[in-house]
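Here is the structure we will look at, set down as structure tokens.
Any read-out appearing in this document is the output of simple, stated calculations on the displayed coordinates, not a laboratory observation. Fair warning: this is a prediction, and the values are worked out from it, not measured in the lab. Every residue, glycine among them, receives a Cβ derived from its backbone with ideal geometry; neighbour counts consider all protein chains shown.
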């Protein structure tokens, strides 16, 4: 029996919902606890517990991440009206990811998990594309209002000294909707520096894209802050590293990225990054083959799967049916967190274990053993479709050989 790897500092463990919650436990049982004396501070971010605690548990989990420095998070439900009814919720709680990101004020970096036998749908792409997503403000911290009838909507700002600025948004003649969004210079500055530092670390070009021609104040502020920080702090460093930074309109960026060979970091505002990371992941093969890490300005890290809770499979699982759900993104959330914990605490064995587990996971797919979603994408000649538990056990076989 292999002696278990010891941990000094706990990971913040955020459990989630539905099928991903089931897979979460399977990964721990089959791939982690046999090899690691796993230390975690556990927070149940399942929808029922969030409702029971008035969402305080989500705030507590984010604050614990600030305390310990590294977290790993399972996929969670962001409730809509149908979920409120299904789970009998007190209210339509906000996105837990949005809450955590607002508290940590970080940047989310998402990149595809590359497997040789799964070819990108965009034939020009030869290298991974990393999406850097601002993780504060915009629609995730918005204020919304349903207009029931005629009236005037205004944007009003009252300064601390009492000066009032007032602008008309729209004069409604009938029913409609209003949305108010905000962002902070300080948060945008953190976002810019995180992107520039990550580009230097990866030695990759950095693109930044918004729509400043239409949003002449909101989006333009992002553009200006990026340019100021680049010119004052990073221009010479980028030149020395042989990489470049440039700004472009987001519609132009979409066209350029499709024609590129990949290999760049593409920085986007919050919602843009959400959409574009899904597009990039899907074009590389699958949302279930995407790594995601939130990096805060203070150097805190939260690793998660970039996909949802796989509701359709969960309903089948509840009926006792077998599912072939892809656990790769959740495995890589754990390996990312364990590697970072090992790096921060100086535990080489923990870092080495994370590398081996990722290697065993990719080798399993390369050997032709995979879940149903990947079998539909893979060009491997001899494919064997397995259910989720079998797939994890196949990874474990290869992990044992590597250990």
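With the crude spin-label approximation of a point 7 Å out along Cα→Cβ, what separation in nm comes out for residue 52 versus residue 92?
The two pseudo-label positions are separated by 2.5 nm.
Scan (1) 64, 50, 49; (2) 99, 66, 43; (3) 71, 57, 43 for the value of Cα extents along the principal axes in Å calculated from this model and give just the label.
Identified label for the calculated read-out: (3).
Quick one: if you stick a label point 7 Å off each Cα along the C-beta vector at residue 156 and residue 174, how many nm between them?
Using points 7 Å along Cα→Cβ, the separation is 2.8 nm.
Which one of 45, 32, 318 has the biggest mean-square fluctuation once the chain is modelled by GNM with Cα springs under 10 Å?
Looking only at 45, 32, 318, the largest GNM fluctuation is found for 318.
Expressed as an acute angle from 0 to 90° and rounded to the nearest 10, what is the orientation of the C-alpha long axis of helix 270-284 relative to the principal long axis of the chain?
In the chain, helix 270-284 runs at an angle near 40 degrees to the longest axis.
Where does segment 1-160 land on the Kirkwood hydrodynamic radius, alpha-carbon pairs, in angstrom?
Numbers: mean 1/r = 0.0522 Å⁻¹.
So the Kirkwood estimate lands at 19.2 Å.
For segment 324-403, what relative contact order do you get, as a whole percent, if you take Cα pairs closer than 8 Å and at least 6 residues apart? Let's see the in-between values first.
Details: 88 pairs, mean separation 27.0, N = 80.
With pairs under 8 Å counted, the relative contact order is 34 percent.
Which stretch or stretches of segment 164-203 have amide N atoms under 14 Å from the point lying 7 Å from residue 271's Cα along the Cα→Cβ direction?
Of the residues in segment 164-203, 177-183 have backbone N under 14 Å from the label point off residue 271.
If I build a Gaussian network model for the chain, linking alpha-carbon pairs within less than 10 angstrom, which residue out of 110, 259, 101 has the largest mean-square fluctuation?
Looking only at 110, 259, 101, the largest GNM fluctuation is found for 259.
With a 10 Å radius around each residue's Cβ, average the other Cβ atoms per peptide and rank 65-73, 16-24, 167-175, highest first. Write down the numbers at each step before the final one.
Values: 65-73: 21.9, 16-24: 24.6, 167-175: 10.7.
Listed from highest to lowest mean packing, they are 16-24, 65-73, 167-175.
What length, rounded to one decimal in nm, is gained on full extension from residue 239 through to residue 256, with 0.36 nm per residue of separation minus their alpha-carbon distance? Let's see the in-between values first.
Working: separation 17, 0.36 × 17 = 6.12 nm, distance 2.22 nm.
Length gained, residue 239 through residue 256: 3.9 nm.
Nearest-5 percent of antiparallel DSSP beta bridges in the chain?
DSSP beta bridges in the chain are roughly 50 percent antiparallel.
Ranked by Cβ crowding within 10 angstrom, fewest neighbours first, how are 313, 134 ordered? Intermediate results must be reported in sequence, preceding the final value.
On the way: 313 21, 134 29.
Starting with the residue having the fewest Cβ neighbours, the order is 313, 134.
If packing is taken as the average count of other Cβ atoms within 10 Å, what order do 178-190, 323-335 fall into, highest mean first? Mind dumping the intermediate values first?
Values: 178-190: 15.0, 323-335: 24.2.
The peptides rank, most packed first, as 323-335, 178-190.
Order these by the 10 Å Cβ neighbour count, fewest first: 74, 195.
Working: 74 26, 195 29.
Arranged by neighbour count, lowest to highest, 74, 195 become 74, 195.
Run the quick spin-label model on residue 63 and residue 37: label points 7 Å from Cα toward the beta carbon, then report their separation in nm to one decimal.
Going by the 7 Å Cα→Cβ label model, 3.0 nm.
Round to the nearest 10 and give me the degree value, 0 to 90, for the angle of helix 348-366's Cα axis relative to the longest principal axis of the chain.
Relative to the chain, helix 348-366 is tipped by roughly 80 degrees.
Work out how much length residue 200 to residue 165 would gain on full extension: take 0.36 nm times their residue separation and subtract the Cα-Cα distance, in nm to one decimal.
Numbers: separation 35, 0.36 × 35 = 12.60 nm, distance 4.14 nm.
Between residue 200 and residue 165, full extension yields an extra 8.5 nm.
If the chain between residue 232 and residue 80 were fully stretched, how many nm would it gain, using 0.36 nm times the residue separation less the Cα-Cα distance?
Numbers: separation 152, 0.36 × 152 = 54.72 nm, distance 4.40 nm.
Stretched fully, the residue 232-residue 80 segment lengthens by 50.3 nm.
Per residue and in cubic angstrom, what volume does the convex hull of the Cα atoms of segment 239-389 have?
Details: hull volume 27.1 nm³, N = 151.
It comes to 180 Å³ per residue, whole-number rounded.
With a 10 Å radius around each residue's Cβ, average the other Cβ atoms per peptide and rank 149-156, 197-204, highest first. Please report the intermediate quantities before stating the final value.
Values: 149-156: 11.1, 197-204: 16.4.
Going by the mean number of other Cβ atoms within 10 Å, highest first, we get 197-204, 149-156.
Before anything else, pin down the relative contact order of the chain: Cα pairs under 8 Å, at least 6 apart, normalised by residue count, whole percent.
Numbers: 741 pairs, mean separation 84.1, N = 403.
So the answer I get is 21 percent.
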